[in-house]
Amino acid sequence: MPRAKKNENDRKIFVLDTSVILYAHNSIMNFAEHDVVIPITVLEELDQFKKGNDSKNFEAREFIRLLDKLSKDRMIHEWTPLNGKTKGNFKVMMTSSESSDEDANKVFGEEKNDHKILNAALNLKNGENGRKVILVSKDINLRLKAKSLNIQAEDYETGKIKNITELENTGKDVLEGIDPDVINELYDSHTVEAKKVLGTRKRKANTYYILKSDKNSVLSFYNGENNTVERVDKKLAYNIKPKNAEQTFALHAITNPNIKLVSVQGVAGTGKTLLALAGALEQRRDYKQIFLARPIVPLSNKDIGYLPGDIKSKLNPYMEPLWDNLKFIQNQFKESDKEFQKITEMVNQEKLVIQPLAYIRGRSLSNIFFIVDEAQNLTPHEIKTIISRAGENTKIVFTGDVHQIDTPYLDSQSNGLSYLIDRVKDHPLYAHIKLEKGERSELANLANELL
């Protein structure tokens, strides 16, 4: 329905918190015909984020540029059209408490920016002639505070995965009752026509199968390009041997040159990072460099600047788990073995680079095997940015656990790894495997299962 015919009171007013802007700078454009308000406190907070190379700094800068472009020669405290007749209006709200009988600072006994944003929502609610006012924030605690003040509050839903069950897709399927002769043919010739195995079943690109008959079984892989099912064997990768079917499938995807994008999901101890690194080392001759990166999630929500020492000392606590995996692989060999020495040589010559993810941004990703660890702590925009930088002969492997989020404004449905699994599934360049069995130790399994 054209906006001109719509009742004014039917249009809602959405008040955006800083966390929404830092999650997606174009979020202001995603509220259909409804109006959007940015409290001045949000602009003040964004000013603190505009410098730096992290994704939140990029989002802050882009939002400020977008606001400047939208406002043109208008005053930003006045209602300004967002984008023609199909969108609503926006404005920056300059005051936060003087027109409201309620004051969040007094209610919660402290003056802080979050409370100024709440006051802005209270002012709108009391002064907009019955229009529905909704605070939008990625901060759960701020939403709870809003609700305690009788302000409707919501998470920013754009880009959020609706069907959480899709994230439980393991990337593998178990098919029973397969003809024993077909399994024997797979063992003998390595490949069979897909219809002999899958029949009329829906075929998804790069899906792995455990095929079982009453006599035998085999691990296999659906090759959509050739429309065949291929046998998958357990193979060593730099002396690391898969310990179960899912690890075998993951290593196959990691070392398959036709699959350019891989996600490996699993709880702690399932071997995600170890397999990715071992697979990369096994293919070291096929790539110019191996990058192993992870996002920095500040300890106790403190910036790394509070840690003592130089930048290398500050980053060591975050990168140590990656070095642990590399040392574990290296210790599969004797110090005199060429494989042991090769890893040391690759590190010294920067053929193998372990860095925070922020240090990778801006680099060209051509001819590189790129492993991104703890990908669940990335936003969808960060995932998109990383993949969009891939050049010729680049492979990217994302590892993580979508249920173990260390970033306060992400959850299992809105993090980058979930977004990737949901959006790219069934693409011929992509494979996803969920590791379900912990292989670190019996003690680690006890923690995952019982604690």
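The values are calculated or read from the model by the stated rules, or taken from the named source; none is laboratory data. Only a predicted model underlies this, so the values are computations on that prediction, with no experimental measurement involved. Methodologically, a virtual Cβ is constructed for each residue, glycine included, from the backbone with ideal geometry; neighbour enumeration extends over all protein chains shown. Only protein heavy atoms, including side chains, enter the accessible area calculation; ligands, DNA and RNA are left aside. Shrake-Rupley method; radii C 1.70, N 1.55, O 1.52, S 1.80 Å.
Points to keep in mind about this one:
- Positions within the stretch 392-405 being farther than 13 Å from F291 by Cβ and either at pLDDT 90 or above or among the hydrophobic types (A, V, I, L, M, F, W, C) (or both), in sequence order: E392, N393, T399, G400, D401, V402, I405
- Neighbours by Cβ (under 9 Å, 6+ apart or cross-chain): first from the stretch 210-235, without any contact (Cβ under 8 Å) to a residue 40 or more places away in the chain; second open to solvent by 40 Å² or more (accessible area, probe 1.4 Å) and among the small types (G, A, S): I210/S217; L211/S217; K212/G177; S213/G177; D214/G177
- Candidates in the stretch 185-201 are the residues that are open to solvent by 60 Å² or more (accessible area, probe 1.4 Å) and at pLDDT below 90; of these, the one that is nearest to N415 (Cα to Cα) is R201.
- Considering each residue of the stretch 92-102 in turn, at least one proves to be open to solvent by less than 70 Å² (accessible area, probe 1.4 Å), over 16 Å from A24 (Cα atoms), at pLDDT 85 or above and not basic (K, R).
- The set of residues from the stretch 240-279 being touching a residue at least 60 places away in the same chain (Cβ under 8 Å) and of a type in the set (G, A, S) comprises A245, A250, A253, S263, G266, A268, G269, G271, A276, G279.
- Residue within the stretch 263-277 that is under 14 Å from T394 (Cα atoms) and at pLDDT 95 or above present: no
- Summed over the stretch 352-388, the residues that are among the aromatic types (F, W, Y) and open to solvent by 10 Å² or more (accessible area, probe 1.4 Å) give a count of 1.
- Here the condition is being open to solvent by 70 Å² or more (accessible area, probe 1.4 Å) and at pLDDT 90 or above; of K85, K132, it holds for K132 alone.
- Taking the stretch 219-301 and the strands (runs of 3 or more DSSP E) fully enclosed by it, the elements with 3 or more residues that are open to solvent by 10 Å² or more (accessible area, probe 1.4 Å) are at 228-231.
- Top-ranked residue in the stretch 122-136 [being of a type in the set (D, E, K, R) and not in a helix (DSSP H, G or I); ranked as farthest from the chain's Cα centre (by Cα)]: E128
- Beta carbons closer than 8 Å, at least 6 apart along the sequence or on distinct chains, pair a first residue in the stretch 397-411 that is in contact (Cβ under 8 Å) with a residue 60 or more places away in the chain and among the small types (G, A, S) with a second that is open to solvent by less than 50 Å² (accessible area, probe 1.4 Å) and part of a loop (DSSP other than H, G, I, E, B) for G400/D373; G400/E374.
- The listed residues are G416, G438, G400, G391, and the only one of them that is of a type in the set (G, A, S), open to solvent by less than 40 Å² (accessible area, probe 1.4 Å) and on the phi > 0 side of the Ramachandran plot turns out to be G400.
- In the stretch 159-184, of all residues being over 34 Å from the mean Cα position of the chain (by Cα) and under 24 Å from L251 (Cβ atoms), the one that is surrounded by the fewest Cβ atoms within 10 Å (Cβ to Cβ) corresponds to I183.
- Checklist (1) surrounded by fewer than 21 Cβ atoms within 10 Å (Cβ to Cβ); (2) out of contact with any helix residue (DSSP H, G or I) (no Cβ under 8 Å at 6 or more places or on another chain); (3) more than 22 Å from D286 (Cβ to Cβ) applied to S213, failing item: (2)
- Every pair of residues 6+ apart whose Cβ atoms lie under 9 Å, when the first sits in the stretch 42-59 and is of a type in the set (G, A, S) while the second is part of a helix (DSSP H, G or I) and modelled with pLDDT of 85 or more: G52/F58; G52/A60; S55/L22; S55/H381; S55/E382; S55/T385
- Criterion violated by K204 - all others in (1) modelled with pLDDT of 95 or more; (2) under 30 Å from the mean Cα position of the chain (by Cα); (3) of a type in the set (D, E, K, R) satisfied: (1)
- Checking S27 against (1) of a type in the set (S, T, N, Q); (2) in contact with a Lys or Arg (Cβ under 9 Å, 6 or more places away or on another chain); (3) buried (at least 19 other Cβ atoms within 10 Å of the Cβ), the condition it does not meet: (2)
- Looking only at the stretch 37-70, and only at residues there that are polar (S, T, N, Q) and part of a helix (DSSP H, G or I), the one that is most open to solvent (accessible area, probe 1.4 Å): Q48
- N316 vs. criteria at positive phi and either open to solvent by 50 Å² or more (accessible area, probe 1.4 Å) or at pLDDT 95 or above (or both): no
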